[in-house]
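To start, the structure under review is shown below, and the notes come after it.
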């Protein structure tokens, strides 16, 4: 959890994180998608501890993803032998791109010269677009990052947007999914995603849509009179029912701001996750009543507990939420108690 006043760069840090991570899935990127890096005004380094099975053995490596305008050395941190030992890592690898000329990025030589980096790029880029085989129970092991902006609205689908059963945005493996709130097209809509899940099931019981519906009703609508009932064929869209009355229904865009917030997060996270998922949630408490803040926090905590390969990083202005964020969070897994450990450090008197 990151807590700081406005203007301290929380959103910029998330944007940079996502931009560097996206380099793993890009064959010939033309830009970073981050203003300071693209303009040549800065450079950035993302360090990741990787535990993996490679060439018949288990390994622990530090991988630094680099980007930006080079100086003497593009790296912002040089990993010494003592640094590696502290994290029980065997080796330090670097990959990424640097600004060569305006509008062009050049790869680091290590992208192809180091066998591990070259193999990692090949495996990830071969996997791009691979569709998920399940909902909320991914067996896919490649890393992915999901970045949720501060505004997680569900706008009405544009009336000029053609609705049909079509592959929705973000379907299939990507190193980075950026979920932005203002696109009103059918392609990017949650209605399209739910209709697509229902179509893939082809009438099968306990399929992708049923799992999505059950999760949404449990995480969001439990204890209320609302629930996600089904999808309509004409026009294709999701149906929210109230008071179990077939005549009392409405669309997703008529949900409350808190319900929209949770629906965006939990439908997207569980539809696009892998076994190694990083979730960035910017200002997760924005426009939410304290009751919804706690409901969202508890739901995100449960997501991390249910998925040991998931890392959730969020920013907040809520002092109330910060006070509930204890050092360790005890959870029960398969009848045994274990701790979900907080990462990072509390930085005081930042000037």
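Bear in mind these aren't lab numbers, they're just calculated from the coordinates by the rules spelled out. Not measured: the values here are computed from a predicted model. All Cβ positions, glycine included, derive from the backbone under ideal geometry; neighbour counts span all protein chains shown.
Estimated from the Cβ-Cβ distance and a Förster radius of 30 angstrom, the FRET efficiency linking residue 4 and residue 141 is about 0.35. Between residue 76 and residue 222, the simple spin-label model (points 7 angstrom out along Cα→Cβ) gives 3.9 nm.
Computed over the chain, the per-residue total of -39500 (n - 2.57) for DSSP H runs of n ≥ 4 gives a 222 nm mean residue ellipticity of -8500 deg cm²/dmol, rounded to 500. The shape of the range 1-147 comes out rounded: with a ≥ b ≥ c from the C-alpha gyration tensor, a/c is under 1.5. Shape class for the range 78-139, computed from the alpha carbon gyration tensor (a ≥ b ≥ c): oblate, with a/c not under 1.5 and a/b at or below b/c. Output the 0 to 90 degree angle, nearest 10, between the alpha-carbon long axis of helix 190-201 and the longest principal axis computed from the alpha carbons of the chain. The two axes meet at around 80 degrees. Please determine, in degrees from 0 to 90 and to the nearest 10, the orientation of helix 115-127 with respect to the longest principal axis defined by the Cα atoms of the chain, where the helix direction is its Cα long axis. Its long axis makes an angle of about 20 degrees. The gain in end-to-end length when the residue 84 to residue 199 segment is fully stretched comes to 36.5 nm, 0.36 nm per residue minus the alpha carbon separation.
In this calculation the C-beta distance from residue 119 to residue 229 is compared with R0 = 41 Å, giving a FRET efficiency of 0.30. Mind checking the angle between helix 257-272 and the chain's longest principal axis? C-alpha axes, 0 to 90 degrees, to the nearest 10. The angle comes out near 60 degrees.
Put a dot 7 Å past the Cα of residue 153, heading toward its Cβ, do the same for residue 320, and the two dots end up 2.4 nm apart. Taking all Cα pairs closer than 8 Å and separated by 6 or more residues, the relative contact order of the range 1-127 comes to 22 percent.
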